Amino acid sequence: MSQADCIFCHLPQASIILENDLAVAFWDIHPVSQGHLLVIPRTHRSNFFDLSEEELLAINRLIQAGKTLIDQQYHPDGYNVGANVGLYGGQTVMHCHLHLIPRYRGDDPNPAGGIRKMLPNGQEFA
Ligand code: 5GP
Ligand code: ZN
C-alpha cells in the first residue's frame with residue numbers, strides 16, 4: 001500500500017541506504033546526531049503498533065545492519081532506538097519509522113535517563 005500524500009511512501013531511490021524485502025533505511029534529513037538513521041516498512045503503516053511480525057523482523061534486521069554501518073562510519077559511544085507513536089507521542093510523519101540515533105560521549109553532560117528525558121519530569125534519574 002502506498003499513500004499519495006506520504007513522503008516516506010515516495011522516498012527517492014537514491015536516498016535508500018539499506019533495504020530488504022519489507023523495510024528500508026535512510027538518513028534522517030534533520031539528524032539529531034551524526035548518523036541518525038530511520039527505518040521504515042515498505043508498506044504504508046501508520047505507526048509501530050500496525051506492523052506485522054514479519055515487518056518487525058525485517059525492520060530489526062535493518063536496525064542491526066544500520067548499527068554496524070554507523071559503528072564503522074561514525075564510531076558512536078551509545079544509541080537510542082525508538083518510535084514516536086501518534087500526534088501526542090510526538091510523531092510528525094504518519095508512516096511508521098524507527099529512529100536509530102547514535103550517541104556520543106559529551107553530547108549531553110548528563111546522559112543518564114536517555115529517552116526518559118522526552119518529558120520534563122523524566123529528567124531526574126537515579
Ligand atoms: P517523527 O517526529 O515523526 O518521529 O520523525 C520524523 C522524522 O523524519 C524527523 O526526524 C525528520 O527529520 C524526518 N524527516 C521528515 N521529512 C523527511 C524527509 O523528507 N526525508 C528524510 N530523510 N527524513 C525526513
Ligand atoms: Zn507512507
Q. Between the range 74-100 and the range 27-65, what's the alpha-carbon centroid distance in Å?
A. 8
Q: Return, in residue-number order, each cysteine of the chain whose C-beta is not under 4.7 Å from any other cysteine's C-beta.
A: 96
Q | Efficiency of FRET between residue 5 and residue 28 - r from beta-carbon atoms, R0 22 angstrom, step 0.05 | A | 0.65
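Each reported figure results from applying straightforward, stated rules to the coordinates on display, with no laboratory input. Remember, predicted model here, so these are calculated numbers, not experimental data. Glycine gets a Cβ as well: all are built from the backbone with ideal geometry, and neighbour counts include every protein chain shown.
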